[in-house]
Amino acid sequence: MASGAAYTVSKAGVMALTKNTAGFYADKGIYTMTLLLGGLAGTNTVDSFAEGMHMEMYQKVMANQSTLEPGKNDTPLESIAKYCLFLSQSDIAPVLNRSCVVFNEKWPVA
């Protein structure tokens, strides 16, 4: 077990939605791709834990996972922005339609 059920199901759902949306809109010249982002330092993602979380699951997940270390294994926001510009190019978008690109500096592991 490398991640919690909610994370795993959400990630699979986003990937399926990407492929479904891409298939529906491609003939209209609208292309869909997803960046599967890892840890992001300098964002407000930790705010989602303000209401609490399942601590037993969190402890099990963290026992099998390295800690996010900004500057070492986080995903630089500048790199994400550059990649988004690349993906938006008119000759690139159709080729990558339906793609789910892992962009995460290998964190988290799953």
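Derivation of every value follows stated rules applied to the coordinates shown; laboratory data play no part. None of these values were measured; they are calculated from a predicted model. Positions of Cβ are generated from backbone atoms using ideal geometry, with glycine treated the same way; all protein chains shown enter the neighbour counts.
Between residue 25 and residue 62, what is the label-to-label distance in nm when each label sits 7 Å out along the Cα-to-Cβ direction?
About 3.8 nm, to one decimal.
Which residue fluctuates the most in the chain, going by a Gaussian network model with Cα springs under 10 Å, if the choices are 38, 52, 29?
Judging by the Gaussian network model, the answer is 52.
Between residue 98 and residue 69, 0.36 nm times their residue separation minus their Cα-Cα distance comes to what? Don't jump to the answer; show the numbers that get you there.
Working: separation 29, 0.36 × 29 = 10.44 nm, distance 3.09 nm.
Here the answer is 7.3 nm.
Compute, for the chain, the length of the dipole vector about the Cα centre, with Cβ point charges of +1 (Lys, Arg) and -1 (Asp, Glu) only. Units Debye, rounded to 20. Let's see the in-between values first.
Working: 8 positive and 9 negative charges, 68 e Å.
Using Cβ point charges on Lys, Arg, Asp and Glu, the chain gives about 320 debye.
Per the helix-only calculation at 222 nm, which mean residue ellipticity applies to the chain, given -39500 (n - 2.57) for every DSSP H run of n ≥ 4 and division by its residues, nearest 500 deg cm²/dmol?
So the helix-based figure for the chain works out to -12000 deg cm²/dmol.
Run the count for the chain, please: Lys pairs, Cα-Cα under 24 angstrom, 8 or more apart or on different chains.
13
Comparing 67, 34, 75, which has the greatest mean-square fluctuation in the GNM of the chain with Cα pairs linked when under 10 Å apart?
Of 67, 34, 75, the most mobile in the Gaussian network model is 67.
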